[in-house]
Amino acid sequence: SQNIHFWMKMVHSVCHEPGGDSDKSSLLPVILPVATHLDLLGDAAEETKEQIIQTVAKELEGKLYAQHLAGHKEGLMNALRKYCIFLSNKDRDPVAIGQLQDAVVEVSSPVLSKEHPLVYLKIESALLNIKKGVITTKEFHSIAFSCGFLSVINSDEFLDALKHFHDRGVVLHFASTDSLKELVIVSPHWLAKFLSYALIAHPYQRIGGHHDHAFEILTQRGILLGSFLAYMLGLFNQSEQVLDCAVELNQAVDLLKEFGFVAQISPKTNFLSSEVQIADEKEVYIVPSLLPEGAPSLMQTAEKPDCSTRVVHFYFPDH
């Protein structure tokens, strides 16, 4: 159940647009739950499926992010019985796959029914074949131009095209953030790798000295030092080997803030423990998802997001 909460909170923190007149969901994007490994349940499949539905419905009751769930207005139990698709990992089940396809078409019809220039299909196909994880807006314009998109760069038509692909999840482009507006993220794998370096310090090897302490307070206390983020960002850029579009430190921080993954905090903050040493650190951030129990009070001294342009949610296990 913790995984369900984590992923639904993640979706909600990144994007939560009002669903308008849609009778499928109060919030967009709509979430279709899919349960795999049905084959492992054996003869108890039907009974266990109902138990899972009841458990998940109870877990999500009263949660704001549950409003992303397809059909939630009919009641969570009814929504899960109708839209939760159970798939076997062993045998291809054409009935279940057909149900999933029908559900995807049903909930996405409001978006798919909108008219867009035919050239957008060519651009999307070209973007899917790019080998790099991130490109510049100039590179995006070159790709679009080669597909027959004749609008000049930074024109209203060009920005509308970028927004279209951002809204569809083909790319990520943050036009309102100065440090990011020239970047276009075209690969979810690139983004996942970036986050694993920046927030989890996944490839970090203990080498002794200052960075070991920074690694420990990040993973154990949810405190991210600016110097450690810069160090991990250097490792990330080296691993990508794309020097013409390497991510700068200010871009990395703003990207993390866009997703609500970090909040800046004063280096003079009382960190509840004398073990946390941040001498000579100019920039300090907290990672709400990594904060230990009892630490949410730190959020009171963290910078507040600009809610006039974007609402950023910080989540804690007990909320």
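Scanning for something basic (K, R), within 27 Å of the chain's Cα centre (by Cα), open to solvent by 90 Å² or more (accessible area, probe 1.4 Å) and within 23 Å of H5 (Cα to Cα), does segment 58-65 turn up at least one residue? Yes, because at least one residue in segment 58-65 is basic (K, R), within 27 Å of the chain's Cα centre (by Cα), open to solvent by 90 Å² or more (accessible area, probe 1.4 Å) and within 23 Å of H5 (Cα to Cα).
In the set K73, K122, which member is farther than 30 Å from T137 by Cα and either open to solvent by 90 Å² or more (accessible area, probe 1.4 Å) or assigned to a loop (DSSP other than H, G, I, E, B) (or both)? Show your work before the answer.
Values: K122 fails: farther than 30 Å from T137 by Cα.
The match here is K73.
Of the residues making up segment 263-271, not a single one is modelled with pLDDT of 75 or more, out of contact with any Phe, Trp or Tyr (no Cβ under 8 Å at 6 or more places or on another chain) and crowded, with 16+ Cβ neighbours inside 10 Å.
Within segment 125-151, the set of residues being of a type in the set (A, V, I, L, M) and either open to solvent by 60 Å² or more (accessible area, probe 1.4 Å) or without any contact (Cβ under 8 Å) to a residue 60 or more places away in the chain (or both) comprises A126, L127, L128, I130, I143, A144, L150. Look at segment 247-259: where a residue is of a type in the set (D, E, K, R) and a partner is at pLDDT 90 or above, sitting 6+ places away or on another chain with Cβ atoms under 6 Å, you get D254/T177; D254/S179; D254/L180; E258/F174.
Taken over segment 218-246, the residue count meeting the criterion of being in contact (Cβ under 8 Å) with a residue 40 or more places away in the chain and surrounded by 15 or more Cβ atoms within 10 Å (Cβ to Cβ) is 14.
On the stretch given as segment 64-92, residues that are free of Cβ contacts under 8 Å to residues at least 40 places away in the same chain and not hydrophobic (A, V, I, L, M, F, W, C) total 6. Please count how many residues of segment 9-32 are at pLDDT 85 or above and either open to solvent by less than 30 Å² (accessible area, probe 1.4 Å) or not in a loop (DSSP other than H, G, I, E, B) (or both). Total satisfying the criteria: 1.
The values are calculated or read from the model by the stated rules, or taken from the named source; none is laboratory data. Just so you know, these numbers come straight off a predicted model, no measurement behind them. Cβ: placed from backbone, ideal geometry, glycine included. Neighbour counts: every protein chain shown. Just so you know, the surface numbers come from the protein's heavy atoms only, side chains and all, with ligands and any DNA or RNA stripped out. Shrake-Rupley method; radii C 1.70, N 1.55, O 1.52, S 1.80 Å.
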